[in-house]
Every structure is written in structure tokens, then in C-alpha cells.
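> Mind having a look at this structure? Questions to follow.
All of the numbers you see were taken from the coordinates with simple rules; none came from a lab. Small disclaimer: the values here were computed from a predicted structure and weren't measured.
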Amino acid sequence: MDVTIINGKYNGDVITINAQYVNISHFTIKNSGNNSSVIKINSGHTTTTDSKITNGKQGVLVVNCDYNIIYDNIITGNNRDGIKLNHSDHNSITYNSITSNLNGVFLYNSSYNSIENNSAIKTNTENGVFLNDHCNQNTISHNE
């Protein structure tokens, strides 16, 4: 992840995923536009792993899609949320280091998600994990 860097140069979303079964791994991905995400996921069954995701409005934004895996990443220094799920169910957020964001993980109208074994999640400015509006049956455990 320290060798290959994808730099958005502060212009829009850095990576947008619109197809299923996409895997993003082993990158540093940084510098989205002011109101944009470092990684925006618009499709299900994607995997984001072993990457450093930094300096966006949201580090990872998952919108209207299900069954994504966000695993073993460093997600830090984003203006709003490290990870935001918006109308997205059955996603797995595990073994990430989520630090120095406004909220570590923010769920909006998202259910049946697993948020487990993440580290440093309490070091975000506002909340480690924030559930807002119709978030049901989520599993949240073993986060430090």
C-alpha cells in the first residue's frame, strides 16, 4: 500500500465502483474533493482490503448496495466519516483501523451489517459507531 498511490488531487470521488464483484486492495487512496468520498461503492459484492484510505469527506461511502466487505484497512483523516453505509444492508466491516475521522462508522437506514474487531474506533472526534434512522439487527462487537 505504500508503493502504489491513487491520488484524487482533490477532484471528486477518487474511486467509484459501479459493478459487482470488484476487489480493491493494496493501495494508498487519498485526496477526494471537498464533498466527495475516497471510495464510493454503488454496487454489491465488492471487497476493499489492505489499503490506506485518507483525506476525503468520507473514506468509504456505500450507497444503496449490499453484501460488501471492508476488511483490514487503515481509514484515517477524513472530514466526516471513516465509513458510511447509506441504505445498505448485509455488509461486513472488520479488522480495520479507523482513526481521526468525525465518525468512525456511520450507518443511515442500514440493517443486518456486521461491525466487528476494528481498532482505534474510539479515537474519532464525535463517535466510534453512530446508528441513525432505521438501523436494525446490526452486529457491533469487539471494537476498541
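> Please list, ordered by chain and number, the residues whose modelled amide H lies under 5 Å from the amide H of ILE6; skip anything fewer than 5 residues away on the same chain.
Here THR28, ILE29, LYS30 satisfy the definition.
> Pairs of alpha-carbon atoms within less than 8 angstrom and 6+ residues apart define the contacts here; what relative contact order does the chain have, in percent?
16 percent
> Number of Lys-Lys pairs in the chain under 18 Å by Cα, sequence gap 8 or more or different chains?
Lysine pairs meeting the criterion: 14.
> Follow-up question, since we're still on this one. Test of understanding: in a Gaussian network model of the chain with alpha carbons linked when under 10 Å, which of GLY104, GLY56, GLY77 would top the mean-square fluctuation ranking?
GLY77
> Karplus couplings for segment 63-68 from phi (6.51 cos²θ - 1.76 cosθ + 1.60, θ = phi - 60°), rounded to Hz, Gly and Pro as x?
So the J values, rounded to whole Hz, are 10, 6, 8, 10, 6, 9.
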